[in-house]
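Notes follow the structure.
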Amino acid sequence: SGSGYLKIVWIPGPSEAYPWVMCKEDDAPDPIINTCNGFYCDYFTPNKPYKPTMWTEAWPGWFTLFGGTIRKRPVEDLAFGVTRFIQNGGSYINYYMYHGGTNFGRTAGGPFITTSYDYDAPIDEYGLVQEPKYSHLKQLHQAIKHCESALVSSDATVTKLGSYGEAHVFSAGKGSCAAFLSNYHMNAPAKVVFNKRQYTLPAWSTSILPDCENVVYSTATVVAKSSNVEMVPSGSVLYSVARYDEDIATYGDRGTITALGLLDQINVTRDTNDYLWYITSVDIKESESFLRGGKWPTLTVDSAGHAVHVFVNGHFYGSAFGTRENRKVSFSAPVNLRGGANRVALLSVAVGLPNDGPHFETWATGVVGSVALHGLDEGNKDLSRQKWAYQVGLRGEALNLISPTEASSVDWIKGSLAKQNKQPLTWYKAYFDSPRGNEPLALDLESMGKGQAWINGESLGRYWTTIAKGNCGSCNYAGAYRQANCQSGCGEPTQRWYHVPRSWLKPRGNLLVLFEELGGDISKVSVVKRSSVH
């Protein structure tokens, strides 16, 4: 998921030799048609004059990253970008995304892209129309449709309208024409004269005149009212809550491979799982000073990402997390060791594979840096080059706890005790009945930390309620849009609600399973309805 990847599109045509389409590849050889992706494509021309000008990804917003803000794009600017493309000879537009989606399972890329792939699309990931974006774009394409005869009959004649304005005029013959009047000034409206008539063009806008006289549409004039979207209680409650704790002590005893040194996570898991255990043993001399009241030694872990949870002798010492901008992870904490053998277990967690950029094979993942103990009598002890055991996945996965038929195969802790433990690496299960009505549904996981969720054996995806950091200020539609513009959600969980398709549910007894990495409160998890009021 995400933008900027290599895309090849097959377009059916009337002939036997169909053309291929390749985005963002200016040197695509014939007969491949090179195309444009971006927030704007009015600057774009294909690499041969006989190829159509195609915009294969018109971005109405931007994807969301765990720990980041929600990025929205004003529809006035999006519409302005589309008209600029059309008036400059554009022949094809595909919105990416027009209908937002959900990265169910482990399909989210990035890394760190959220399970929600809403993309500020005209139709959101729940299938609800988002106003005013939906109606404003609908009216835009209706206006363009009114100009169709002129647009396909001629190239534009371009005339300057003052310092910041332009008129693009398309002639259909017999005195018939269509005009696009644009004002590129970011702050001030422009009064212009076109065909002996005066027009006022709002800042950063295009006005469409299908008959070269009457304005039927302005990109800066939004008529539709904004949607009011709310998450409301569904009336469905969780019952028969139970928990199962991962047995840290047994890791490394079964199903492992061993190697000298640290291996790349994806090379071991082959992306079949987000989780990989790195396990080794450290012998501590009985004569060590810290065993007689001295300062504990410090364990340091350097990982290529994306997250790591650190255990020593079964005790949890903390976690460290990367970000999209800096995937590398560093952990450092004093650890309580004993004389003799000590077991170091590092749970490395991937949060999606790369989706943008060259040479993905060079992107390391997992604990491939340095692992060391500092503060021993002999100085520092490098653990990186010694023998390590590797185990893919979790015990709960091996037991198939997510399956409605297998979830009862282990001894779950039930009753009030199931809700008391808020420790890391805990499985939860609960049941709920399908809410009445037909509104879209979501799972409210604000009270949880980080992990994965399943309903009736189907994966909702990764969840992570990390708090969004960014620059949430005012939002002005005028001026070139970039994904850092128009941020929202600062100080709130990046993603609190997780889409639950009604098609996954049965009337009674739906099984919810959560694997919680950090420690959460399942008693506050709820199923909610998404309601949109225009």
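The values are calculated or read from the model by the stated rules, or taken from the named source; none is laboratory data. Just so it is clear, the structure is predicted and the values come from calculations on it, not from any experiment. FYI the Cβ positions are ideal-geometry reconstructions off the backbone, even for glycines, and counts take in every protein chain you see. Just so you know, the surface numbers come from the protein's heavy atoms only, side chains and all, with ligands and any DNA or RNA stripped out. Shrake-Rupley method; radii C 1.70, N 1.55, O 1.52, S 1.80 Å.
Computed values, structure above
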quantity: Local net charge near Ile413, Cβ-Cβ under 10 Å (Lys/Arg +1, Asp/Glu -1); calculated: +1
quantity: Burial order of peptide ranges 280-288, 240-248, 440-448 (average beta-carbon count within 10 Å, highest first); calculated: 440-448, 240-248, 280-288
quantity: Partners for Lys469 among lysines (Cα-Cα distance below 23 Å; same-chain residues under 8 apart left out); calculated: Lys72, Lys328, Lys450
quantity: Unit charges on C-beta of K, R, D, E only; dipole of the stretch 279-364, Debye; calculated: 300 debye
quantity: Pair Asp382, Lys48: separation of 7 Å Cα→Cβ label points (nm); calculated: 5.6 nm
quantity: Reachable aspartates and glutamates, given that their alpha-carbon falls under 13 Å from the alpha-carbon of Lys196 and they are not under 8 places away in the same chain; calculated: Glu213
quantity: Charge tally in the Cβ shell below 9 Å around Gln487, where Lys, Arg are +1 and Asp, Glu are -1, Gln487 excluded; calculated: +2
quantity: Square roots of 5 times each gyration tensor eigenvalue, C-alpha, the stretch 143-249, largest first, Å; calculated: 52, 18, 16
quantity: Enclosed volume per residue, in Å³, of the convex hull spanned by Cα atoms of the chain; calculated: 195 Å³
quantity: Efficiency of FRET between His359 and Ala480 - r from beta-carbon atoms, R0 25 angstrom, step 0.05; calculated: 0.30
quantity: At R0 = 25 Å, FRET efficiency that the Cβ-Cβ distance of Tyr239 and Asn400 yields, to 0.05; calculated: 0.65
quantity: Estimated distance in nm for a label pair at Asn471 and Ser447, the labels positioned 7 Å out from Cα along Cα-to-Cβ; calculated: 3.8 nm
quantity: Simple label model, 7 Å out from Cα along Cβ direction - Ala249 to Gln142, nm; calculated: 7.0 nm
quantity: Helix 75-87 vs. the chain, principal-axis angle (Cα, 0 to 90°, nearest 10); calculated: 50 degrees
quantity: Cα-based shape type of the stretch 267-413, given that a ≥ b ≥ c are square roots of the gyration tensor eigenvalues and the cut on a/c is 1.5; calculated: oblate
quantity: Positive dipole terminus of the stretch 33-149, leading residue within Pro132, Phe39, Gly68 (C-beta point charges); calculated: Phe39
quantity: Accessible area of the stretch 76-181 belonging to carbon and sulfur atoms, whole % at 1.4 Å probe; calculated: 50 percent
quantity: Degrees, to the nearest 10: 133-146 long Cα axis against longest axis of the chain; calculated: 30 degrees
quantity: Part-to-part distance (alpha-carbon centres) for the stretch 383-415 and the stretch 479-520, which is given in Å; calculated: 24 Å
quantity: Residues listed by number, the stretch 307-340, amide nitrogen under 18 Å from Lys422 label point at 7 Å toward C-beta; calculated: 316-319
quantity: Prolate/oblate/rounded call for the stretch 351-464, Cα gyration tensor, a/c under 1.5 rounded; calculated: prolate
quantity: Translational D in µm²/s for the stretch 30-153 (Stokes-Einstein at 37 °C, 0.692 mPa s, Kirkwood Rh from C-alpha pairs); calculated: 209 µm²/s
quantity: Gyration tensor verdict on the stretch 413-534 (Cα atoms; rounded if a/c is under 1.5, prolate if a/b is larger than b/c, oblate otherwise); calculated: oblate
quantity: Lys, Arg +1 and Asp, Glu -1 on Cβ, resulting dipole of the chain about Cα centre, debye, nearest 20; calculated: 860 debye
quantity: Nearest-0.05 FRET efficiency for Glu230 and Lys295, computed from C-beta distance (R0 56 Å); calculated: 0.55
quantity: Under 19 Å from Lys381, Cα to Cα: aspartates and glutamates that are on another chain or at least 8 residues apart; calculated: Asp283, Glu286, Glu288, Asp302
quantity: Debye, to nearest 20: dipole size of the stretch 95-147, +1 on Lys, Arg Cβ, -1 on Asp, Glu Cβ; calculated: 200 debye
quantity: Value at 222 nm in deg cm²/dmol, rounded to 500, when DSSP H runs of n ≥ 4 in the chain each add -39,500 (n - 2.57); calculated: -2000 deg cm²/dmol
quantity: Cβ-defined net charge surrounding Leu441, 9 Å radius [Lys, Arg +1; Asp, Glu -1]; calculated: +2
quantity: Span from the the stretch 132-201 Cα centroid across to the the stretch 241-276 one, whole angstrom; calculated: 61 Å
